[in-house]
Amino acid sequence: MRLARFILCLWLAVAAPFTSVFAQDKPAAPSGNWAGRQFGDVQIETPFEFKEFPDVISNVPAAVRERIDSMHTFLGGTEGTFIVFVTSTTYKPGITLSLDGALKGIINGGAAKVGDSDPQYTSQSIKLSGLDARRASYQKVMADGRAIHMEVMAVVRGQALYQVQGLYFGDTAKTDVERVMASIAIKAAP
């Protein structure tokens with residue numbers, strides 16, 4: 001359970017309210033059967049089910065919350081292997097969205113939780129489902145010698161920001177997280 005709480009805190013700098021939800025309801029164990037999953041406009045393939053965080057927007061700082069129309073976050077994974085977050089955020093009209101800014105915020109928030117005030121990460125511009133996207137990778141070697149890895153995909157369409165994050169320790173789940181990242185698709189706009 002400590003690993004699950006730590007990874008959840010790593011995901012978002014304001015994650016303290018999430019940890020109590022996660023402590024009560026940890027994600028289901030992987031079935032080993034990979035299947036497509038749909039989260040609004042985001043489609044991915046994983047070996048486990050997901051749970052939606054209730055009222056996730058209330059955990060966002062007020063200055064950011066006032067710019068958001070809606071926000072939905074789903075979590076799936078298993079303790080000791082890997083965890084995947086899928087977040088869809090719709091911002092109010094007139095708010096300018098930045099893929100690079102989104103990645104920087106995600107990485108900086110997570111890195112701060114492990115004591116990294118100057119995180120070094122790689123990112124690349126790609127097209128995903130015909131949309132501009134960014135893919136980022138971050139890792140930090142912990143005091144106990146284990147490395148934590150964060151893989152992030154961010155996509156913008158209109159006022160919507162879609163994020164998929166895969167978190168894991170060591171290299172045991174690297175192939176699985178890469179498979180999740182390779183499976184991401186954004187459903188065509190109506």
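The values are calculated or read from the model by the stated rules, or taken from the named source; none is laboratory data. This is a predicted model, so every value here is computed, not measured. Positions of Cβ are generated from backbone atoms using ideal geometry, with glycine treated the same way; all protein chains shown enter the neighbour counts.
General observations
- Applying the condition of being modelled with pLDDT of 50 or more and within 15 Å of Phe85 (Cβ to Cβ) to segment 17-42 and asking which residue is surrounded by the most Cβ atoms within 10 Å (Cβ to Cβ) yields Val42.
- Segment 43-58, residues that are surrounded by 13 or more Cβ atoms within 10 Å (Cβ to Cβ), modelled with pLDDT of 90 or more and under 16 Å from the mean Cα position of the chain (by Cα): Gln43, Ile44, Glu45, Thr46, Phe48, Glu49, Phe50, Lys51
- Yes/no for Leu167 being surrounded by 15 or more Cβ atoms within 10 Å (Cβ to Cβ) and outside any strand (DSSP E or B): no
- Filter result (of a type outside the set (S, T, N, Q) and under 18 Å from Ala189 (Cβ atoms)) within segment 123-152: Lys127, Leu128, Gly130, Leu131, Asp132, Ala133
- Among residues of segment 69-83, those that are touching a residue at least 24 places away in the same chain (Cβ under 8 Å) and within 21 Å of Arg157 (Cα to Cα), counted: 3
- Top-ranked residue of segment 59-95 - restricted to ones that are touching a helix residue (DSSP H, G or I) at 6+ places or on another chain (Cβ under 9 Å), within 30 Å of Ala35 (Cα to Cα) and of a type in the set (A, V, I, L, M, F, W, C), ranked as surrounded by the fewest Cβ atoms within 10 Å (Cβ to Cβ): Met71
- Of the residues making up segment 135-152, those that are in a strand (DSSP E or B) and either surrounded by fewer than 23 Cβ atoms within 10 Å (Cβ to Cβ) or β-branched (Val, Ile, Thr) (or both) number 11.
- Highlighted here are the strands (runs of 3 or more DSSP E) found entirely within segment 48-114 that include at least 3 residues which are of a type in the set (A, V, I, L, M, F, W, C): 68-77, 82-91.
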